[in-house]
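The values are calculated or read from the model by the stated rules, or taken from the named source; none is laboratory data. Source: prediction; values computed, not measured. Positions of Cβ are backbone-derived with ideal geometry, glycine not excepted, and every protein chain shown enters the neighbour counts.
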Amino acid sequence: MFNLAVLAQKGHILPQSVLDFFNASCSDGVESVMEKILKRCAAIEDDEAVTPCSLALLGLQMGKAWRSVTQSRAQLILAYASIVSMLVFVVVVPMQGCLEQRSRTSALRRRRTASVSQTDQADDVGRAAGSVWSTVHDEQRLRQASDLAVTLSGVCLCAFWTTLLYHLLQQTIPSTVIQ
């Protein structure tokens, strides 16, 4: 049956006797015929196993859900924002690791330089205090910005996946159940 769905997808016209077996007609669209064939195939196969028919059916339904999501301008913007937020997340998380490593390194340096003589230290007190304060302040600002980026990424991705799941469920569950 999987091969029949592949043939239908590639544009081959299936005989009416085969279409009748799946309660389909020549006037049905390619996706409709494929979905009917794959649903029958997945129903026959083992429910627990991941099979070619179940994977193809999932891919077909995900494609329909994606097209449904991208029909709306607001949902399309949400999809793009989700992609951008994933990219931000990929950049921010390693940057946070680098910041932690940098702060540990600077703390070790401060401990090592604590043994500097009193005369050298007296000359550099103002400069060192300002430098330490600005470094700590910059690190805090960067850490807060990265935390905000990760939080916004999470919210955006959660909203996107909720929307996609809604459209996927709308495709798979009959409309009488959703209403």
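Let's see how each residue does on (1) part of a helix (DSSP H, G or I); (2) surrounded by fewer than 19 Cβ atoms within 10 Å (Cβ to Cβ); (3) in the same structural domain as Leu7 (by TED's automatic domain parsing); (4) in contact with a Ser or Thr (Cβ under 9 Å, 6 or more places away or on another chain):
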| residue | (1), (2), (3), (4) |
| --- | --- |
| Ser27 | no, yes, yes, no |
| Val33 | yes, no, yes, yes |
| Leu38 | yes, no, yes, yes |
| Ala43 | yes, yes, yes, no |
| Glu48 | no, yes, yes, no |
| Cys53 | yes, no, yes, no |
| Ala56 | yes, no, yes, no |
| Gly59 | yes, yes, yes, no |
| Gly63 | yes, yes, yes, no |
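Take segment 46-64 and flag every residue that is modelled with pLDDT under 80 and either under 28 Å from Ser25 (Cα atoms) or of a type in the set (A, V, I, L, M, F, W, C) (or both). Across segment 46-64, the qualifying residues are Asp46, Asp47, Ala49.
Can you confirm whether segment 118-137 contains a residue that is at pLDDT 75 or above and either among the hydrophobic types (A, V, I, L, M, F, W, C) or assigned by TED's automatic domain parsing to the domain that holds Val90 (or both)? Full working, then the answer.
The initial filter retains those residues of segment 118-137 that are at pLDDT 75 or above, namely none.
No.
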